[in-house]
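For reference, the structure is listed below as structure tokens.
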Amino acid sequence: MDLSIRKIAADKARRKPEDDSQLGFGRYFSNHLFCMEYDADRGWHSPSIEPYRKFELDPAALVFHYSQEVFDGLKAFRGKDGEVFLFRAEDYVRRLNTSAKRVCIPEIDVRFVTECIARLVGLDHDWVPSSPGTSLYIRPVIIATEASLGVKVSSRYLLYVITCPVGSFYVKEMDPVKIAVTEKYVRAVRGSVGDVKTGGNYAASLLAAQEAKKEGFNQVLWLDAIDRTYLEEVGTMNIFFHVGGSLWTPSLSGSIIPGITRDTIMKMAGAWGLSIEEKRISIREILDAHAKGEVKECFGSGTAVSIAPVSGFRFEGKEYPIGNGEAGPLAKRIYEELQQLQRGYREDRFGWLKRVSIA
Ligand SMILES: *Cc1c(COP(=O)(O)O)cnc(C)c1O
């Protein structure tokens, strides 16, 4: 397939905000987007990079009614000598495909789409910020566009990728968050769609997050939907506990997202010789370890936030502080190493970096 590229007119082009500290998360979008369409006759076709624009869709488009859609989120970083690197891009696009399969969206060619993302980032390379903690966030999305009110698998789709320069997800990078263990709601159940990035999961999580916020917590810690005992995720992040001499994280239960940051941390910290335990973790086990003073740190992991240290949690009305209210040494070390790695200042031993050619 030939990628067509149409550049924005010079008088229409916008500039990235000068001050990186004003970026926030997902507020400014760069000048171009990538899109590609699908229909039953032609399959995926017409890949193009175009000026950022609005879409016109039929109000009956299936995505609006039954949420047949998937998305993902990856990043490009400004590194050594001003170069731009994509981090684990193919892994993210592969996950987009896994998500797509689960909601009957036709698969895409992972290598081709990854290459198109690299071209898009190359074209808008001056939107990749360089201050510490900043990056270019890349959001691929696939939506069902057939106009039909019957619940069915769409015969038409639109894949698009937009990018935005981002600063820190929370007010300040590595500022600890307080979390509340949800007792009233669950996020997903094994066998459903909790292990893929599809919009409905996030709509379903809003109320729990809103209620937790009202009570002074930044995020909710989800327990499993069946026993209401085992740790799943924190907000839209995977969770880690540093207990005794080990780093614990819940195993992939089928109802949590197989986080790429989670995988990166396990491989990176594993290579440092830290013992990693991927297992079913009950909240009681955490409470016991906490009572013995063995819970040294807790943090969430995700592409958007990187690492979010947790300074304490509430469960059954009781609060359990962790650490001294600041990011712990392990969270800091992982965060720093990750930044270095993503910017090309460390040996890329796992082959995670893709250098973007500047268009
Ligand atoms: C995206 C996401 C994560 C983190 O995955 P990464 O690949 O590390 O970004 C964790 N939980 C949920 C619910 C997510 O949507």
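Screening Ile334 on (1) surrounded by fewer than 22 Cβ atoms within 10 Å (Cβ to Cβ); (2) in contact (Cβ under 8 Å) with a residue 60 or more places away in the chain; (3) hydrophobic (A, V, I, L, M, F, W, C) shows it passes everything except condition (1).
Candidates in the stretch 307-359 are the residues that are among the β-branched types (Val, Ile, Thr) and under 30 Å from Asp288 (Cα atoms); of these, the one that is nearest to the chain's Cα centre (by Cα) is Ile307.
Scanning for something under 27 Å from Gly167 (Cα atoms), of a type in the set (D, E, K, R) and touching a strand residue (DSSP E or B) at 6+ places or on another chain (Cβ under 6 Å), does the stretch 36-46 turn up at least one residue?
Scanning the stretch 36-46 turns up no residue that is under 27 Å from Gly167 (Cα atoms), of a type in the set (D, E, K, R) and touching a strand residue (DSSP E or B) at 6+ places or on another chain (Cβ under 6 Å).
Of the listed requirements (1) within 15 Å of the ligand (Cβ to nearest atom); (2) basic (Lys, Arg); (3) over 24 Å from Thr198 (Cα atoms), Lys279 misses just one: (1). The residues on offer are Pro59, Pro47, and the sole one that is more than 23 Å from the chain's Cα centre (by Cα) and surrounded by 19 or more Cβ atoms within 10 Å (Cβ to Cβ) is Pro47. Cβ-Cβ contacts under 9 Å between residues 6 or more apart (or on different chains), taken from a first residue in the stretch 56-67 that is within 13 Å of Gly199 (Cβ to Cβ) to a second residue that is of a type in the set (Val, Ile, Thr) and in a loop (DSSP other than H, G, I, E, B), are listed as Leu62/Thr145; Leu62/Val151; Leu62/Val153; Val63/Thr145; His65/Val151; Tyr66/Val151; Ser67/Val103; Ser67/Thr198.
Scanning the stretch 303-333 for residues that are within 15 Å of the ligand (Cβ to nearest atom), touching a helix residue (DSSP H, G or I) at 6+ places or on another chain (Cβ under 6 Å) and not polar (S, T, N, Q) turns up just one, Ile307.
Look at (1) buried (at least 19 other Cβ atoms within 10 Å of the Cβ); (2) of a type outside the set (S, T, N, Q); (3) away from the ligand (no atom under 16 Å from the Cβ) and you find that Gly300 fails only one, number (3).
Condition test on Thr114, is it surrounded by 18 or more Cβ atoms within 10 Å (Cβ to Cβ), under 23 Å from Arg349 (Cβ atoms), touching an Asp or Glu at 6+ places or on another chain (Cβ under 6 Å) and of a type outside the set (Gly, Ala, Ser)? When the stated conditions are applied, Thr114 passes them.
Of the numbered criteria (1) touching a helix residue (DSSP H, G or I) at 6+ places or on another chain (Cβ under 9 Å); (2) crowded, with 19+ Cβ neighbours inside 10 Å, the one Asp263 fails is (2).
Residues checked against (1) surrounded by 22 or more Cβ atoms within 10 Å (Cβ to Cβ); (2) touching a Phe, Trp or Tyr at 6+ places or on another chain (Cβ under 8 Å); (3) farther than 16 Å from Leu74 by Cβ; (4) of a type in the set (A, V, I, L, M):
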| residue | (1), (2), (3), (4) |
| --- | --- |
| Asp109 | no, yes, yes, no |
| Leu123 | no, no, yes, yes |
| Pro140 | yes, yes, no, no |
| Leu159 | yes, yes, no, yes |
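Candidates Trp248, Trp272: the one that is surrounded by fewer than 22 Cβ atoms within 10 Å (Cβ to Cβ), without any contact (Cβ under 8 Å) to a residue 40 or more places away in the chain and more than 16 Å from the ligand (Cβ to nearest atom) is Trp272. Residues in the stretch 76-85 that are under 19 Å from the mean Cα position of the chain (by Cα) and surrounded by fewer than 24 Cβ atoms within 10 Å (Cβ to Cβ): Phe77, Arg78. Tell me, yes or no, whether the stretch 62-70 has at least one residue that is surrounded by 18 or more Cβ atoms within 10 Å (Cβ to Cβ), among the charged types (D, E, K, R) and either at pLDDT below 95 or over 18 Å from Phe34 (Cβ atoms) (or both). No: zero hits.
Applying the selection to the stretch 79-104, what residues are more than 16 Å from the ligand (Cβ to nearest atom) and out of contact with any Leu (no Cβ under 9 Å at 6 or more places or on another chain)? Hits for the stretch 79-104 are Lys80, Asp81, Gly82, Glu83, Lys101, Cys104.
The values are calculated or read from the model by the stated rules, or taken from the named source; none is laboratory data. Given the structure is predicted, the values throughout are model-derived calculations rather than measurements. Here Cβ is always computed from backbone atoms with ideal geometry, including for glycine, and neighbour counts include all displayed protein chains.
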